[in-house]
Amino acid sequence: MVVLKEVFVRQERCLGCKSCELACAVAHSRSGSLFASLGESQTPRKRIYADYWQGRNFIINCRHCEEPLCARVCPTHALSKDLASGKVMQADERCIGCGMCQLACPFGVISRYLESKKTVKCDGCPDREIPACVGACPTRALLYVDSEALMQGKRQAVAQQLLTQGSAV
């Protein structure tokens, strides 16, 4: 059985520091360097969003949907679901910059390069052991795990809380 890892967000831990955004943009820049990327002809774009709304910080990222609407509406099939990784991947050379995928994305996490209008979205950093955003998060608000491991951790936390409450009675 293949275990597919995903980026999960623990919103209560997000400080709104935007380290994830910066790490993502730099990791996807041509140079891979913060300072060198500032002078690149194509402005590096983030693929994760750390925002502040109604008094709270939150992170929104691509969920690599099981039935991705972005891929379904793409007229050139630039977006497709990679069955091996579970990620929705983009073939940059096929993108014509029409923006249909942006309109279809229910999370609003597909953006465009300013210079070419071609779209850009999370690819899960396939060349890295863990995605750049996860590695950059100082509070571990972002986790890169399989969903079963995450749920097991939650169940253990609940069990520990119940045990602690039971011993206090």
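Odds and ends about this structure:
- Apart from one condition, Arg45 fits all of (1) of a type in the set (D, E, K, R); (2) over 16 Å from Val7 (Cβ atoms); (3) over 14 Å from the mean Cα position of the chain (by Cα); the exception is (3).
- Residues that are under 22 Å from His64 (Cβ atoms) and over 14 Å from the mean Cα position of the chain (by Cα) were ranked within the range 1-13; the one that is modelled with the lowest pLDDT is Met1.
- Selection status of Glu129, over 16 Å from His64 (Cβ atoms), among the charged types (D, E, K, R), in contact (Cβ under 8 Å) with a residue 12 or more places away in the chain and exposed (fewer than 12 other Cβ atoms within 10 Å of the Cβ): no
- Checking Val134, Val73 one by one, the residue that is more than 28 Å from Gly32 (Cβ to Cβ), at pLDDT 95 or above and of a type in the set (Val, Ile, Thr) is Val73 and no other.
- Filter result (over 19 Å from Asp123 (Cβ atoms) and either in contact with a Pro (Cβ under 9 Å, 6 or more places away or on another chain) or not hydrophobic (A, V, I, L, M, F, W, C) (or both)) within the range 34-59: Leu38, Gly39, Ser41, Asp51, Tyr52, Gln54, Gly55, Arg56, Asn57
- Test: residue in the range 82-101 that is of a type in the set (A, V, I, L, M), closer than 24 Å to Gly39 by Cβ and crowded, with 16+ Cβ neighbours inside 10 Å: no
- Residue match in the range 51-65 (condition: part of a loop (DSSP other than H, G, I, E, B), of a type in the set (S, T, N, Q) and more than 14 Å from the chain's Cα centre (by Cα)): yes
- Annotation: Ala71 fulfils all but one of (1) over 21 Å from Val145 (Cα atoms); (2) of a type outside the set (S, T, N, Q); (3) surrounded by fewer than 16 Cβ atoms within 10 Å (Cβ to Cβ); the unmet one is (3).
- Condition met for Val26 (over 30 Å from Gly153 (Cα atoms) and over 18 Å from the mean Cα position of the chain (by Cα)): no
- Whichever residue in the range 32-64 is touching a residue at least 40 places away in the same chain (Cβ under 8 Å) and of a type in the set (A, V, I, L, M, F, W, C) and, among such residues, is surrounded by the fewest Cβ atoms within 10 Å (Cβ to Cβ): Ile60
- Matching residues, the range 13-31, being touching a residue at least 24 places away in the same chain (Cβ under 8 Å) and either loosely packed, with under 14 Cβ neighbours inside 10 Å or part of a helix (DSSP H, G or I) (or both): Arg13, Leu15, Gly16, Ser19, Cys20, Glu21, Leu22, Ala23, Cys24, Val26, Ala27
The values are calculated or read from the model by the stated rules, or taken from the named source; none is laboratory data. Being a predicted model, the structure only gives us computed values, none of them experimental. All Cβ positions, even for glycine, are placed from backbone atoms using ideal geometry, and neighbour counts span all protein chains on display.
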